[in-house]
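*Asks:* Below you will find the structure I want to go over with you.
The values are calculated or read from the model by the stated rules, or taken from the named source; none is laboratory data. Just so it is clear, the structure is predicted and the values come from calculations on it, not from any experiment. Cβ: placed from backbone, ideal geometry, glycine included. Neighbour counts: every protein chain shown.
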Amino acid sequence: MGFIETQNVTFSYGTGESEAPNNVLTDITMKIEKGEFVALLGHNGSGKSTLAKHFNAMLLPSGGKVYVDSMDTLDESLKYQIRRKAGLVLQNPDNQLVASIVEEDVAFGPENLGVPSEEIRVRVDEALKAVGMYEHRSHAPHKLSGGQKQRVAIAGILAMEPDCIILDEPTAMLDPQGRTEVLDTIRKLNREKGITVVLITHYMDEAVLADRVVVMDDGKILIEGTPKEVFSQVELLKNHSLDVPQATELIWRLRQAGFDFPGDILFEDECVSVLEKALEGR
Amino acid sequence: MIRDITLGQFVPGKSILHRIDPRVKLLLTFLVIVFLFVAGNFISMGLMVAFVLLAMILSGVSLRLYLKSMKAILFIVIFTSLLNLFYGSGEPLVQLGFLKITLDGILRAAYISLRIICLVFISSVLTFTTSPTDLTDALERLMKPLRYIKVPVHEIAMMMTIALRFVPTLLEETDKIMSAQKARGADLESGGIFQRIRALVPILIPLFVSAFRRAYDLAMAMECRCYHGGDGRTKMKQLHLRSHDYTIIAVTICVCAGVILINIFLPGMV
């Protein structure tokens, strides 16, 4: 069994009798393995955030089942165990910090879990070091930059010692530098600490960093696979008005024009070397 | 300009008063305030004044800030001392129609003014040397026994913490909304008082809407971090009384005892 597993999950808001049930999620079955880095991709209203909130029992499926580390999210008594295992980081860094001092905010999660004081201290210091915010531990959050605030929010989840971190568009409100900071932090946590990462995003260049990409459209899974597998389906993605990374797009257009290039280019340097080779051949 | 507003009057520092346990500071401040009223003559009052002055010096905060905090209540001091000035008994020193000023009145006025001034200064010592977070924390811990009479102590402290956290965020937001409305031609600076209040409506409405949105987000973030009220909650920061706390407690109690002794053995100076 995977770490997070959904079985035929359906979800709809409001079950008013006058309205026909409006499904936000329809029949979603997927699996996320321990230690994996999965990107959940889709444009606004595709249901990707709704699905993410099922992964830590913030929302419960209207139909089907969600299991987190073999625990059924419908079981009310397991709610806090599930949330401890799978932490959720939200989009707006300003709205998820609780305390007026960085280290006290990071301590909020373990304090809720009833961890002994001495251990909280250790966890807070470790979490802040892991996201590179240890020097800022006694600052006020409102004096930090957006990227720094978001890293503090990640540290707040880390201090609960979760196996999995779900990030709901964590970079959407950040400047380019903040985005890089947050993405580097996420990748480091995934590689060095083996934490399972589910990154919800609508940026293609963030999705290519993942081990696996799941593309959602209209509450269903459109396509899933490695970034190379997914982004080689340029036509399918374009039909659903989704973009592909710029390098992929360029090579795809050249292929349309009759050039013989490989169809799985994702990164700029790959694209450059392919073009160089082609130009040398002339 | 709106960003200059700071909540509370905390002056960061490393003085001994900054370092003592906030619970001790809070309780001792209350004790001193009570004893400002217990002090019954000029000698015991003199002792209290000396104690308050010592606290002000130990706090390492500049006198200018203390005087600034006096400004707000200057009127009350003048008013009460004038009132007392004319209500003294005994032989009049000066007679102004039906008003008479007596020696007793002058002493009384001086006495009352000293009491009010000390009251303000000692509370300022507390707020200057204790951060709002520490103050909230101390309040929560001290009020804990009230839980048994169904006072939601944890919830009150949580609300105060969140309020303190969001004050700068909302101030920044107000600034942004004001600029946005000005850019659309809102006139905030002219007209009479009512016109100006009306002009605030287009600022307050977006501010409220966004505050509710933030509250919704924050509630979700708190639930994600397993918040479920005060039950079974632990705290990272533990407060322990250390030697300098005991020293300050001892000194304060000695002063208070002194006040009582002076009251008993040297009565009736006022």
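*Asks:* Which condition number in (1) touching a residue at least 24 places away in the same chain (Cβ under 8 Å); (2) away from chain A (no Cβ under 14 Å); (3) in contact with a Pro (Cβ under 6 Å, 6 or more places away or on another chain) is the one that B:LEU114 fails?
*Replies:* With respect to (1) touching a residue at least 24 places away in the same chain (Cβ under 8 Å); (2) away from chain A (no Cβ under 14 Å); (3) in contact with a Pro (Cβ under 6 Å, 6 or more places away or on another chain), B:LEU114 is out only on (3).
*Asks:* Filter the stretch A:101-144 down to the residues that are more than 7 Å from chain B (Cβ to nearest Cβ) and basic (Lys, Arg), then identify the one that is farthest from B:ALA221 (Cα to Cα).
*Replies:* A:LYS129
*Asks:* For the stretch A:90-100, what are the residues that are more than 7 Å from chain B (Cβ to nearest Cβ) and surrounded by fewer than 24 Cβ atoms within 10 Å (Cβ to Cβ)?
*Replies:* Residue satisfying the conditions is A:GLN91 alone.
*Asks:* For the stretch A:207-236, which positions are more than 18 Å from A:THR26 (Cα to Cα) and buried (at least 22 other Cβ atoms within 10 Å of the Cβ)?
*Replies:* Matches in the stretch A:207-236: A:ALA207, A:ALA210, A:VAL213, A:PRO227, A:VAL230, A:PHE231.
*Asks:* Of the residues B:LEU239, B:LEU261, which is of a type outside the set (Gly, Ala, Ser) and either assigned by TED's automatic domain parsing to the domain that holds B:ASP175 or under 27 Å from the mean Cα position of the chain (by Cα) (or both)?
*Replies:* B:LEU239
*Asks:* I'm trying to understand the selection: among the residues of the stretch B:210-252, which are part of a helix (DSSP H, G or I) and away from every other protein chain (no Cβ under 14 Å)?
*Replies:* Residues satisfying the conditions are B:SER243, B:HIS244, B:ASP245, B:TYR246, B:THR247, B:ILE248, B:ILE249, B:ALA250, B:VAL251, B:THR252.
*Asks:* Go through the residues of the stretch B:143-150 one by one and say whether even a single one is under 20 Å from the mean Cα position of the chain (by Cα) and more than 30 Å from A:ALA52 (Cα to Cα). Break it down stepwise before answering.
*Replies:* Filtering the stretch B:143-150 down to residues under 20 Å from the mean Cα position of the chain (by Cα) leaves B:143.
Now restrict to residues that are more than 30 Å from A:ALA52 (Cα to Cα): B:143.
So far as the stretch B:143-150 goes, yes, one or more of its residues are under 20 Å from the mean Cα position of the chain (by Cα) and more than 30 Å from A:ALA52 (Cα to Cα).
*Asks:* Moving on to the next point. Could you tell me whether any residue of the stretch B:175-182 is assigned to a helix (DSSP H, G or I), on the phi < 0 side of the Ramachandran plot and within 14 Å of another protein chain (Cβ to nearest Cβ)?
*Replies:* yes
*Asks:* Which condition does A:LYS193 not pass, out of (1) surrounded by 20 or more Cβ atoms within 10 Å (Cβ to Cβ); (2) within 22 Å of A:LYS85 (Cα to Cα), if it passes all the others?
*Replies:* The number of the failed condition is (1).
*Asks:* How do the helices (runs of 4 or more DSSP H) wholly within the stretch A:6-125 filter down when requiring 1 or more residues that are touching a strand residue (DSSP E or B) at 6+ places or on another chain (Cβ under 9 Å) and within 30 Å of A:HIS240 (Cα to Cα): which remain?
*Replies:* Counting at least 1 such residues, we get A:48-54.
*Asks:* If you don't mind, another one. Would you pick out the residues in the stretch A:162-191 that are away from every other protein chain (no Cβ under 12 Å), touching a residue at least 60 places away in the same chain (Cβ under 8 Å) and acidic (Asp, Glu)?
*Replies:* If the condition is that a residue be away from every other protein chain (no Cβ under 12 Å), touching a residue at least 60 places away in the same chain (Cβ under 8 Å) and acidic (Asp, Glu), then A:ASP163, A:GLU169 are the ones that fit.
*Asks:* Related question: Picking from A:VAL124, A:VAL102, A:VAL98, which residue would you name as being of a type outside the set (Phe, Trp, Tyr) and at pLDDT 95 or above? Break it down into steps so the answer makes sense when it comes.
*Replies:* Working: A:VAL102 fails: at pLDDT 95 or above; A:VAL98 fails: at pLDDT 95 or above.
After applying the criteria, what remains is A:VAL124.
*Asks:* Additional query: Considering the stretch A:249-274 alone, what residues qualify as being over 16 Å from A:LYS238 (Cα atoms) and exposed (fewer than 13 other Cβ atoms within 10 Å of the Cβ)?
*Replies:* Answer for the stretch A:249-274, where residues must be over 16 Å from A:LYS238 (Cα atoms) and exposed (fewer than 13 other Cβ atoms within 10 Å of the Cβ): A:ALA257, A:GLY258, A:PHE259, A:ASP260, A:PRO262, A:ASP269, A:VAL272, A:SER273.
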